[in-house]
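We did not get these values from a lab; they are worked out from the coordinates using the rules stated. Worth saying up front: this structure is predicted, and the values here are computed from it rather than measured. We place every Cβ from the backbone using ideal geometry, glycine too, and count neighbours over all the protein chains shown.
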C-alpha cells in the first residue's frame, strides 16, 4: 500500500535535522560562503545526530542499518539550512555508504569503523573529470590491471575533502566499465591539487586530484574481485543530490513567500498580485512533486529494486526545479535578490550545482 | 540600415490579404474543416490578389519578381484567416517557386506560365514520408540513374493536391543527396492513394502517393543536370511555414484577448486578472519576436544570403510559439475553448502542424 | 512507513482494467471519435461493465463492499481505463460526478436511492449541472432558480457543459444533480443541490456539444423549464449548500488528474514502443547533455508524468484517510493538466508526420487530453486554490 | 523597405568595440569580479576610452556629431562591450542613466552642462537615484523630500541601488539625478528630478552593495542629508515630472536588453567554440527531433537570443525615429531578461562540471546576467506595461 507518512523514528530525524539546519547552518552560511571554508560547528554539531553510525551495522561499529529514505528525509532538511554545510557534514557518506553497499567484508571491516567514532571524519570520492564531455560511464581516468593489482591514471576535479581525507574512493574505467577503488591519499602518484573555485558550494572544500600511474592493491577494488554495481552507486548519489535540491528549493521558496507577503508595493502586499501568487503556487507544487520523486527513488534503493530510472527522474526534475525556484526567488525579491545581504543569490548559485556536478553526495 | 517598415506596395498586399482573410477565409473556415474540403471561393477570390503571377517574371507570363518578404507578409495575414485556406491558395507555389528559384531555363518556360493564368491551378510537392524517423536529408524515396534518366521509388505522405495536380515535385535521394524531380501525376508507376486524415489542416486535400520504379526523364530533375540546392528550398519552405505559424498564433491571441476583455467573472473582466493579462503580454511579445525572425529569414532569402540558420530559428521559435499560443487561447476560453462552436480548438489542431509537417508551403 | 507499492487488490484491478482497455476499448476508440453524435453509446462495452465488470469494478459501485482504499482504487482504475480511452471512461456506468455530489451532500435516504439505482438491471448514469453560460469558473454566480412551490421545488435555468447528460437523462433511468439558487441576490449561501430524475418533463437537452476530443462521451446544454421536483429531492434536505459542491472537488480533482495521466501514459507507452521498434533505447542514467534530443524528450515526458502521478496518488491517499486535501488535490490537478497537455503535444512531434495523422492515436490523445486542464477547475482556478492556502489568503485577499 | 543589415558606421563601431572587448576587457574581467570593492575602478580601461576611445565611441558622448541612428549605434555598442564584460560596460565613462534623464527632462542649459562635463580632461560619470528601501518597482511611492528653501532646494532621503554612485560622486566630478517629491502626499504629480553635483557635502555614500555579479561596477546606498542645491538644479525647471522618469525607460529598457544580450552572446559564442573543439557541429537544418540534446540546446539558445535581439533592434529603430515605443521597449526587456537568464544558466549545464567552475567565465556570466531581468523594471513590471497597453487598461484597471 502506498504511504506518505514517515515512521516515528524518521520524524525524529527530520526534527533534529531541521533544528540543526536552523540553528547551526543558516546563521553561518553566508560567512562560510565568503570565506570558502565550512564552519567546524557544522560537522561538530551535525555529527551529534549520529546519522551515519545509525546507518552502519553493529558489527562494524555502528548501531543500525542504512536507509536511503531516512537519509533523504534528513538531507532535505539539512539542505534547507545550507547546501555547503550539508555536503560537508555528509561527506563521510562518500566512502562509508559505497563500502557498506558494495564493499567486500574485508573492506567493510577496514573502513566502516572509522565512521563510527565520536567525531566527524571526512570522506572523499573522486568521480568528476575536468572536461566538457565528462561522462561517468566513459571515464578518462583508467585503472589497468598490473601485477595482480591496478594502476590508476587520470585527473579528477571537485573531490570533496581530498586534502583532509585518508582515503579517496576513486572512480575509474576498468575494462571499459566504471569501477571504484579505495586509494590512500598519501599513496605515491596521488597529487591533491588546488582548491576548486566554483560559482557556488564555496564553503565546501573541493580539490582537483591527479593520479599518475598510482598502484592500488587488488583488495582495494570496491567489492573485491567482482567489482561493484556502479549503476546502483550512481543512483544512490543522484537520489542524495535530488533530495538536497528539494531542500534548497524549499529554502528559496519559503523566503520568497515570506518576503512577498510582507513587502508592500502599490498599496498592498506583493503576494496579492496574481502573477506572484501563481508563481508561488507553482513552486510549492513542484517542490512537493520533486520530494515525492526523491522518496520513490530512495524507497526503490531501500527495497533493493532497480533505482536507476527513479533516480534519473528525481534528479532530472529536482535539479531543474531547484534552479527555477531559486531563480524565481531572486526575481521576486527584485534588487534585494541580487545582493549578498540576502540569502537568495547564494541559493541560486548553489542550485545551479544540481544537474551539473555528480558524485559529491550519496545515501 | 535596419528597417522594419514594409514598402508601400507590400502594405497594399498586406491589406488585401487581410481583407481576403477576414471576408473569405474566416467565415468558411469551420465548414471546410468539418467537410474536409477547401472552399472554392478561397482559391477563386484569393487568386484575384495575383500574388503568384506578381512573383513571376514577364518572360514566363507573370509581371514581377519573387520576394520572400512579400510572401511572408501576405502569408501571415492569410493564415490569420485560416491555415487550410492559406495552404490551399498557396499550393501552386509548391511547384512554381522551386522552379523559379532552382529550375533550368527550360523548366521555367515549361512550368511557370501555367501559374500565370486567370484561374488558380494546383501545385503539388511530395517531401514527407510516412515513418517516424522521417528526415528530409535522408529520404527513403530514391531516385536512381537509369538509361540517361531516373527511376523513382518510394512512398510519400501529405502531398497537397496530388490528385488534382498535373505535376508533382517529388523529393528523392539521388546519390545520397536530396534532389527534386518534376513528375507528371499520370506517369506510369505513380499511384495517388487515400486522402490523409490529420488532426488539423482538414480542409486541405493531402494524399499519400507512391512511386513504383517510376521513370523520369533527365530533363525533369529540378535544376537540370546539376540539380538544385535543397538547403535553400527547405529554408524557403520553413520560412513560409513559420510566417503562417505567426498568423495562426495571432488569430488565437486576438480572439483570447477580446474574449478575456469581454468575459466577466468574479465581478470583473477576466483580462483584469494579472495571470491572464501577463499571459497575453507574453503571447504578444512572442508573436512579435516570431514575426521578426520570419522577416529576417525572408530577407536573407531575398538577399541571396544563406538562410538555413535564419529559417531554422524562425520555424523553431514560431512553431513552438504558435502551439503555445493556441493552447493558451483554449485555456483562457475554458470550456468554450474545447467546443467547436468557437474557433480556438481548430487553431490548436492546426498549430500542431508546424514543427511536424514539412514542405507543404513555400515562398 | 513511506511506501510506493500498491496493494494486491489494486494491482489485480489494474490488470483487469488493462484487459478491458485492450480488448473492449482500444479497438473501438477511433470509431467513436470519428462518428461523434452519429454513434450510439458503446453499449457492448457498457453492458459488459454493467453485467460482468462488477466482479472487478464493483468496488466503484455504490453499495459494494468498501475496500481499504476506495479512492486509491478508483484513481488507478480511471487511469487505466482512460489509458484505453478517456471517452469510454466517461461512458462507464458508475456514479461519477452526480453520484459524488450525492455522497457528499445527500441524506441517507438519498444515498440509498443512488445505491438502488446502480443495482438495477439497466446501466445507469448520473450527471451534474453546475456551469452556466455567463459563469465558467465562477460557480458562485449561477442564476438557475429554485422556487419552493407547495410540496415541491420548481427549477428554471440553462446549464452548460453537462457531461453525460444524454446518458443520464435519455439513455437510462439516471438523474442529474442541479445546482440552483433559492435567492439570486444572496450569492453562495443560497445555492443548493437538487436531484432531477430522468423523464422529468421539465428538463430537456437542448444541444450536444461538438468537441475537440472526448467524442465518445456527450456533453450537453440542458434546459430546465418549470422543472418540478418533489421536496425530498433537495439534496441533504437543504443543509448542504455550496460548500458541498466545493467539497466534491477534493476527490474530483485527483480523479480528473488520474484520467488525464492515463491518456498521457498511453502516449508515452506508444512512443516508447515505436522507438523501441526503431532500435532506440533510452539511456536513463546518462547525464542529460549527452543524450539525444529524443531520449531527453522521452525522459522529460516520463519524469513529468511520474511527478504528476505521485501528486495524484498522494492526494488519493489523503482522501482515503480523511485528511483534508484541498491543496494537494489542486496540486495534482495543476500538474496533471499540464503534464497531459505537454506530453500529448510532444508525443506527436516525436513521431513526425505520422504523429499528426489519424494513422496513429496520438493526435486523438492530444485532443482528448486537453480537457484535463479545463474541467474540474481550470489550471488557473487550481493555482488560485493553492496560492490562497499557502499564503493564508481569503478569496477577497487574492482574487 | 524591411532590412536586416546594419549601416557601415555601426559595423565599424562593432569591430572597434570588439577589439576593445578582446584586448582591454576580457583579460581583466575575472580579476575585477574576484576583488569586488578591493579593486579600484579599471582606470586603464576608463582612460583609454576617455582619451582615445572617442574616435570610435564619441557618437555616444554628448556634444558629439549625432549619427543617423544614435540609439541603434548605442545598443550595438553596449551589446558588444557587455559581450566583453558587463561590469566594464557599467564603468564606461559616458552619460548613462543620469545623462539620459537630463536629455529627457533637462533644459537646454542643463543639457549643455552635461555636455561640458563630458568634454573635460577627466573621465566623468553620472548616476541616477530613484529606488528607495520601501519601494522597489513602485517608484511613484518615493519619500525622498525636496523642500524649497530660499534660493535653493534641500533634499533629504535615502536612495538604494544607485548604479555608479561611487564613480559619479567620489571618483569624478560627476553628478547624480535624484528623484524626490515636493509633496509626500501628492504621489506621482509631485515627483521631480534634481541634479546633485559631486562634492556636495549633503550627499554621502553609506554603503557599497556586495552583489551576485556585476562586481566591477559599484552599486550604492546614497544618503541625502540636508543636501542643498541651487534652484537651477531642478531639472527642466520643474516642468518635467515623473513622466520624465518613465520616458527614460523607452530607451533605457532596450539599452539594458542589449547589454544582457551581449552577456548571452558571450555564452553562446564560448559554448559553440568549445563544442567545435570537440568536433561537434550544429546541424541547424535537421528536424529538431533528430538532433542531439546538445545541438538542440544550442539552437534553442541561439533562437531565443535572436528573437530577443530583433525585438531590441526594433525598439531602437523606433526610438531613433521618434516612434513611441513603450510597448516594444518593454517587450525587448522582457524577452532579453529571460533570454540571458536561461542562456547563461543553460550554458553552464552544457559544459558540465567545468561550466560551474571559475575555470570558465560561464559562471560569471550567469551571475552578471541575472541583473538584466531585475533592473530598469523587472520582468514583471514590463509585462504589466505591455498588458496595459494591449488591453487598453489604465494602472487602476490592471494593477
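Translational diffusion of segment A:1-156 was estimated from the Stokes-Einstein equation, with Rh taken as the Kirkwood radius over Cα pairs; at 20 °C and 1.002 mPa s the coefficient is 123 µm²/s. Rounded to the nearest 500, the helix-only mean residue ellipticity at 222 nm of chain D stands at -15500 deg cm²/dmol, with each DSSP H run of n ≥ 4 adding -39,500 (n - 2.57). Each Cα pair under 8 Å and six or more residues apart adds its separation to the average, and for chain D the resulting relative contact order is 16 percent. For the residues of C:203-213, the average number of beta carbons from a partner chain within 10 Å of their own beta carbon is 3. Taking label positions 7 Å along the Cα-Cβ direction at both residue A:106 and residue B:258, the computed distance is 8.2 nm, reported to one decimal. Here residue C:186 and residue C:68 are evaluated by their C-beta separation; at R0 = 51 Å the FRET efficiency comes out at 0.75. Please give the Cα centre distance for segment D:193-269 versus segment C:63-132, rounded to the nearest Å. One Cα centre to the other: 64 Å. Counting neighbouring Cβ atoms within 10 Å and putting the fewest first, the residues D:329, B:210, C:325 line up as B:210, C:325, D:329. Between the alpha-carbon centres of segment D:361-375 and segment A:275-305 there is a gap of 28 Å. In chain D, the longest principal axis of the Cα atoms and the axis of helix D:8-20 are about 90 degrees apart. Please list, by residue number, everything in segment A:37-73 whose backbone N is under 17 Å from a paramagnetic label point 7 Å out along Cα→Cβ of residue A:229. Residues A:66-69 fall inside that zone. Please compute the contact order of segment D:243-391 in relative form: average sequence separation of alpha-carbon pairs under 8 Å and at least six residues apart, divided by the residue count, as a percent. Result for segment D:243-391 is 33 percent. Taking the Cα centre of each part, how many Å lie between segment B:165-183 and segment B:185-237? Their Cα centres are 6 Å away from one another. For chain C, the longest principal axis of the C-alpha atoms and the axis of helix C:108-117 are separated by about 60°. Computed from label points 7 Å out along Cα-Cβ, the spacing between residue D:158 and residue C:121 is 8.5 nm.
Note on chain A: GNM, Cα springs under 10 Å; of A:270, A:97, A:293, the largest mean-square fluctuation is that of A:270. Sorted shortest first, the separations between the residue A:35 label point and its copies elsewhere in the assembly read 8.1 nm; each point sits 7 Å from Cα along the Cα-to-Cβ line. Restricting the calculation to alpha carbons of chain C gives Rg and Dmax of 21.1, 75 angstrom. Once both labels are positioned 7 Å from their Cα atoms along Cα-to-Cβ, the gap between residue B:164 and residue A:138 label points is 5.1 nm.
Only DSSP H runs of four or more residues enter the estimate; each adds -39500 (n - 2.57), and after division by the residues of chain A the mean residue ellipticity at 222 nm equals -15000 deg cm²/dmol.
When you restrict to C-alpha pairs under 8 Å that are six or more residues apart and normalise by the size of chain B, the relative contact order lands at 18 percent.
With a Förster radius of 45 Å applied to the C-beta separation of residue A:268 and residue D:170, the computed FRET efficiency comes to 0.70.
Compared with the direct C-alpha span, the chain from residue A:31 to residue A:215 gains 62.2 nm at full extension, assuming 0.36 nm per residue.
Enter the angle in degrees (range 0 to 90, nearest 10) between the Cα long axis of helix D:70-84 and the first principal axis of the Cα atoms of chain D, meaning the one along which they spread out most. Around 60 degrees separate the two axes.
Residues in segment B:277-292, backbone N under 15 Å from the label point at residue B:14 (7 Å along the Cα-to-beta-carbon vector): list them, ranges by number please. Answer for this model: B:288-292.
Once a ≥ b ≥ c are taken as the square roots of the eigenvalues of the Cα gyration tensor of chain A, is the result rounded (a/c under 1.5), prolate (a/b larger than b/c) or oblate (a/b not larger than b/c)? The shape class here is prolate. Sort segment D:126-240 into rounded, prolate or oblate with this rule: let a ≥ b ≥ c be the square roots of the eigenvalues of the Cα gyration tensor; rounded if a/c is under 1.5, and if a/c is not under 1.5, prolate when a/b is larger than b/c, oblate otherwise. Judged from the Cα gyration tensor, segment D:126-240 comes out oblate (a/c at least 1.5, b/c at or above a/b). As an exercise, find the ratio Rg/Rh for the protein assembly as shown from alpha-carbon atoms, using the Kirkwood inverse-distance average for Rh. With Rh from the inverse mean 1/r over Cα pairs, Rg/Rh is 0.97. By the count of neighbouring beta-carbon atoms within 10 Å, fewest first, B:266, A:230 end up ordered B:266, A:230.
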